[in-house]
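Engineer: This structure is in structure tokens; I'll ask about it shortly.
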Amino acid sequence: MKFRQDMLFGHPVLIREREDYLKGDFQLVFDNPVIEAPAMLIRVKPEVNSPDLSELIHEGKAVCGFYIICENTYFNRFIPVDLTENLFKFDAHDFAGAVRLRGVIVSRETIRGFQSRVLNPEFGERPDLPAASILALDDEQKFAVGQISKKPFESIFSLVADPSLPQGKVMVNPLAEKIQIYAHPGTKANIDEFRNTEAGRFVLLNAVYLPALMQLLHDVAGQREVYENKAWFAVFDAKCSALGVSLDNPKPLEDAQKLLLDPFMRLEEKTIKERLLS
Amino acid sequence: MNCPLYYLSQSVHDDLEEKVESNLEHYLDEGFKTKAGFPGWAIESGLQIDPEVFLVMDPESSAKADCTNSLLVYNALKSISPAHACDSRLWTRLTHIEAFDYSRARWLKAEDGEKNIRQIELHFFAKGRGGLRDDNSIARLWWNGYIASQCRPSNPESALKLILSSADIRTSTIERPWISFRTPLLAGILRTMEHVEELQYNRILFRNFMKKVNAYGGGMVFEVMTESDVDEFLEHCIK
């Protein structure tokens, strides 16, 4: 019962890149949340560029608001907003790790014979809009709260020797409590050796962890429910949220570089480059 | 008598997690109480607990005991915020020190030998969201109490009795985040279970009911509905 961009509704819903309406746009603009312990402040401004939906809101037949969801702490609230700028104060201790925000416009009652000049004709001339239903849905926005997103990546990976793999190859297994990187025992020994030097660690970031993260982003895309109970997931999700990486629609190469803070740049540092090329 | 609530350092936590097999005899014997004040074993959280509560908990494996224990744990640890409750180091400290006797009696059997290793991994540690919510000996009880108190702040005990009346019902509610997350919906499901008592003991009826809630409730915003509208929707899902 999640609200997703690709959900099918029997009634028109204003969603970006969908054609239920031929014109119009809906967005909730969130400022970056400010933590003033113990409070968390969120400033929100809705932008409803749809005269028909604005009218329903002004008539009290629909309400604009947002969901704020933290899966780790079971926090899930719908917060109604005015069409002006709003400031909300939450208890920061209600959140840990990834927090999702999603703007919606919702019908308060059944709206019979809804009329709009920009409605896609496939809905007929005057469709009914059911009560307590989504009428407009914004993209999901995410951020991270607490220390969890700052945990090092090493804390969620483990290196495992696997004699069945050929020397030099690595495989990723995200189904364990830590993300396991399998390597031939000889390769694992070499990786351990690389880990003992600063330059070696930067080489591993590029040669092992970057592709492993790309694989992981690919595996998790659209399948978070398979992995979300794994111990590594909360840290990974928080890191992605902090950096604006979408787990539903990732760009593996771009996002893996973002998560590892552009690892090739580490190799370009003067002293590291000299050590590696000398 | 209240005393500070501690958690473990990450290194002590990880060390325990890695050495379950070599520590097996400690788990089956007196545990780790002698280490309670060792470096890394007692980092102050700034919160307080009454550790006596763990002495009166019932280690029996039954819905009734889980219900009583959930209330005891949640009331004793009410000062813990949900953010604190996501920290496995806190629960691992409790299961290894303050609540060790209860956890051992509830989840371990000396005669099971090495089979206990898996039980220790599951119930003395808290791996991931599922490990916290469903497995850790104490955390699972706290989360039961927390979710019940969100649903029915004035009477969490009645909510707990319904949620824990069968393993199937807990699985279909608390273990389904998109149900337990949505307080107005879970509160409505509990009211419906009271009106239609058969839902509490007829597993097939309950499963079919939840299937319809999922099928018909997708996309519905229960948060803007009145209680009676939620109830009307849910009653429609029984038919």
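The values are calculated or read from the model by the stated rules, or taken from the named source; none is laboratory data. Model, not experiment: these values are computed from the prediction. We place every Cβ from the backbone using ideal geometry, glycine too, and count neighbours over all the protein chains shown. The protein model used for the area step is the full one, side chains on, heavy atoms only, and it has no ligands, DNA or RNA in it. Shrake-Rupley method; radii C 1.70, N 1.55, O 1.52, S 1.80 Å.
Engineer: Here is a check on your reading of the model: is B:SER61 more than 14 Å from every other protein chain (Cβ to nearest Cβ), over 18 Å from B:GLY131 (Cβ atoms), open to solvent by 10 Å² or more (accessible area, probe 1.4 Å) and within 14 Å of the chain's Cα centre (by Cα)?
Structural biologist: Working: more than 14 Å from every other protein chain (Cβ to nearest Cβ): yes; over 18 Å from B:GLY131 (Cβ atoms): yes; open to solvent by 10 Å² or more (accessible area, probe 1.4 Å): yes; within 14 Å of the chain's Cα centre (by Cα): yes.
Against the criterion (more than 14 Å from every other protein chain (Cβ to nearest Cβ), over 18 Å from B:GLY131 (Cβ atoms), open to solvent by 10 Å² or more (accessible area, probe 1.4 Å) and within 14 Å of the chain's Cα centre (by Cα)), B:SER61 qualifies.
Engineer: If I filter the stretch B:147-169 down to residues being crowded, with 22+ Cβ neighbours inside 10 Å and within 12 Å of chain A (Cβ to nearest Cβ), which single residue comes out as farthest from the chain's Cα centre (by Cα)?
Structural biologist: B:CYS151
Engineer: What is the one condition in (1) away from chain A (no Cβ under 12 Å); (2) open to solvent by 10 Å² or more (accessible area, probe 1.4 Å); (3) over 26 Å from B:VAL224 (Cβ atoms) that B:LEU141 does not satisfy?
Structural biologist: Going through (1) away from chain A (no Cβ under 12 Å); (2) open to solvent by 10 Å² or more (accessible area, probe 1.4 Å); (3) over 26 Å from B:VAL224 (Cβ atoms) one by one, B:LEU141 breaks only (2).
Engineer: Related question: Quick check: is even one residue across the stretch B:36-51 in contact with a Phe, Trp or Tyr (Cβ under 8 Å, 6 or more places away or on another chain) and in a helix (DSSP H, G or I)?
Structural biologist: No, because not a single residue in the stretch B:36-51 is in contact with a Phe, Trp or Tyr (Cβ under 8 Å, 6 or more places away or on another chain) and in a helix (DSSP H, G or I).
Engineer: Kindly indicate the residue of the stretch B:216-228 that is over 27 Å from the mean Cα position of the chain (by Cα) and more than 7 Å from chain A (Cβ to nearest Cβ) and also surrounded by the most Cβ atoms within 10 Å (Cβ to Cβ) among those meeting that condition.
Structural biologist: The extreme case among them is B:TYR216.
Engineer: Which ones in the stretch B:79-106 are over 24 Å from A:ASP91 (Cα atoms) and either among the hydroxyl-bearing types (Ser, Thr, Tyr) or surrounded by fewer than 20 Cβ atoms within 10 Å (Cβ to Cβ) (or both)?
Structural biologist: B:THR92, B:THR95, B:ASP101, B:TYR102, B:SER103, B:ALA105
Engineer: Looking at (1) open to solvent by 10 Å² or more (accessible area, probe 1.4 Å); (2) outside any strand (DSSP E or B), which one does A:LEU41 not meet, given that it meets all the others?
Structural biologist: For A:LEU41, the exception is condition (2).
Engineer: Among the numbered criteria (1) open to solvent by less than 30 Å² (accessible area, probe 1.4 Å); (2) on the phi > 0 side of the Ramachandran plot, which single criterion is violated by A:TYR227?
Structural biologist: Failing condition for A:TYR227: (2).
Engineer: Continuing with this model, one more query. Is it the case that the stretch B:128-135 has a residue that's farther than 22 Å from B:THR92 by Cα, touching a residue at least 12 places away in the same chain (Cβ under 8 Å) and among the hydrophobic types (A, V, I, L, M, F, W, C)? Please lay out each step first, then the result.
Structural biologist: The initial filter retains those residues of the stretch B:128-135 that are farther than 22 Å from B:THR92 by Cα, namely none.
No: zero hits.
Engineer: Here's something else I'd like to know. Cβ contacts < 7 Å: first residue within 12 Å of chain A (Cβ to nearest Cβ) and of a type in the set (D, E, K, R), restricted to the stretch B:80-105; second residue open to solvent by 20 Å² or more (accessible area, probe 1.4 Å) and part of a helix (DSSP H, G or I), any location; separation 6+ or different chain. Result?
Structural biologist: As it stands, the answer is B:ARG89/B:GLN10, since those pairs meet every condition given.
Engineer: When the residues of the stretch B:170-211 are narrowed to those that are assigned to a helix (DSSP H, G or I) and farther than 20 Å from B:HIS236 by Cβ, which ends up most open to solvent (accessible area, probe 1.4 Å)? Reasoning before the result, please.
Structural biologist: Applying the first criterion (assigned to a helix (DSSP H, G or I)) to the stretch B:170-211 yields B:170-173, B:177-180, B:183-195, B:198-201, B:203-211.
In the following step, the residues that additionally are farther than 20 Å from B:HIS236 by Cβ were identified as B:170-171, B:177, B:180, B:183, B:201, B:203.
Details: B:ARG170: 22, B:THR171: 47, B:PRO177: 25, B:SER180: 9, B:THR183: 40, B:TYR201: 170, B:ARG203: 144 Å².
Ranking the candidates gives B:TYR201 first.
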